[in-house]
2 protein chains.
Amino acid sequence: MSEKARNQRRVLVAVDESEESMYALSWSLKNIVFQNSTDTLILLYVKPPHAVYSPLDATGRMDDPETPGYLFSSDISAAINKYSQEVADCVLEKAKKLCKEVQHVKVETRVENGDPRDVICRMSEKLGADVLVMGSHGYGVVKRAFLGSVSDYCSQNVKCPVLIVKKPKPTVADRQ
Amino acid sequence: MSEKARNQRRVLVAVDESEESMYALSWSLKNIVFQNSTDTLILLYVKPPHAVYSPLDATGRMDDPETPGYLFSSDISAAINKYSQEVADCVLEKAKKLCKEVQHVKVETRVENGDPRDVICRMSEKLGADVLVMGSHGYGVVKRAFLGSVSDYCSQNVKCPVLIVKKPKPTVADRQ
């Protein structure tokens, strides 16, 4: 790799509302992004799909017309979409603030919709990521069963190197 | 992280006889190890266990006395151990040569015996690794079924961040 290429990497960080995700971002800023480089950090937030129905749409779910699901009025649907966008904005603002605090780096943001596993894999390729960084959710059986599988899936299917970062468990000293 | 801590990281790279493993090492030298740092790169080679029997040892396999296994004469057993050590030496020599070529960095080597999954997890903690780097074996169903599971297991069980690096598939241009 030439010196130029070394300093122009595209580091894709998948962020969400979890603490683990922000820890992964912070870790990659300190350990992956080179100082005085022209690396680009791309913050990717994926809004997971929810079953949205219009009362006029009797054919079924938007993403799968054959599958029955909950019926939302258009008001509720709009409220869910608004809330979902607000969460995305909030997460990305927090992530951008963290980037500024830790390391001077060029930051881009992306918000995408869909199954996080598929979207993260697709976007890694589309955005030409040199490395994908993800948090790993180690706490709680339910969270791990779902979110753990996102990092497992991505580490198996993404073509670029994948860095999975765990937030260390607090020690006794930390709790005091 | 202080500037001192930033430059004194312990990067553990699990190496084996595969090309993927050497690619992962090369990638981490270019993308993880900071230039002019005092990072330490630890090369870990794990010799997987094989069923070794002395004709005088009628109780069963060394690692599990209850399990029957192949019977090797002490000559064959010694030959296998010698071959296994030669492979380990050869892999580590190749890895150290690569380190010298790519990046000036302090290098330590370790050879351990056992199930690679358990050994890599245990050594990550014992050696105080700040990050674990592993190759991912993407080619071949059989290789992936066994070796893929090592990186899956480690990414789930190792406490420090885990970087899984895949060797890019050769393009048409590369083959010409």
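The values are calculated or read from the model by the stated rules, or taken from the named source; none is laboratory data. Being a predicted model, the structure only gives us computed values, none of them experimental. Cβ coordinates were reconstructed from backbone atoms using ideal geometry, including for glycine residues, and neighbour counts include every protein chain displayed. Just the protein is used for accessible areas: all its heavy atoms, side chains included, with ligands, DNA and RNA removed. Shrake-Rupley method; radii C 1.70, N 1.55, O 1.52, S 1.80 Å.
For the reader, a short list of remarks on this structure follows.
- Every condition in (1) surrounded by fewer than 18 Cβ atoms within 10 Å (Cβ to Cβ); (2) under 26 Å from B:Ser28 (Cβ atoms); (3) modelled with pLDDT of 95 or more is met by A:Lys94 except one, and the failing one is (2).
- Test result for A:Cys99, in a loop (DSSP other than H, G, I, E, B) and either at pLDDT 85 or above or open to solvent by less than 20 Å² (accessible area, probe 1.4 Å) (or both): no
- Test: A:Thr171 is within 23 Å of A:Asn31 (Cα to Cα), among the hydroxyl-bearing types (Ser, Thr, Tyr) and modelled with pLDDT of 95 or more: no
- Only a single item in (1) buried (at least 17 other Cβ atoms within 10 Å of the Cβ); (2) at pLDDT 75 or above is not met by A:Val52, and it is number (2).
- Complete set of residues in segment A:126-144 that are at pLDDT below 95, within 12 Å of chain B (Cβ to nearest Cβ) and not in a loop (DSSP other than H, G, I, E, B): A:Met134, A:Gly135, A:Ser136, A:Arg144
Here is a yes/no grid of residues against (1) touching a strand residue (DSSP E or B) at 6+ places or on another chain (Cβ under 6 Å); (2) without any contact (Cβ under 8 Å) to a residue 12 or more places away in the chain; (3) open to solvent by 10 Å² or more (accessible area, probe 1.4 Å):
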{"position": "A:Arg9", "(1), (2), (3)": "no, no, no"}
{"position": "A:Glu17", "(1), (2), (3)": "no, no, yes"}
{"position": "A:Ser28", "(1), (2), (3)": "yes, no, no"}
{"position": "A:Asn31", "(1), (2), (3)": "no, yes, no"}
{"position": "A:Gln35", "(1), (2), (3)": "no, no, yes"}
{"position": "A:Ile42", "(1), (2), (3)": "yes, no, no"}
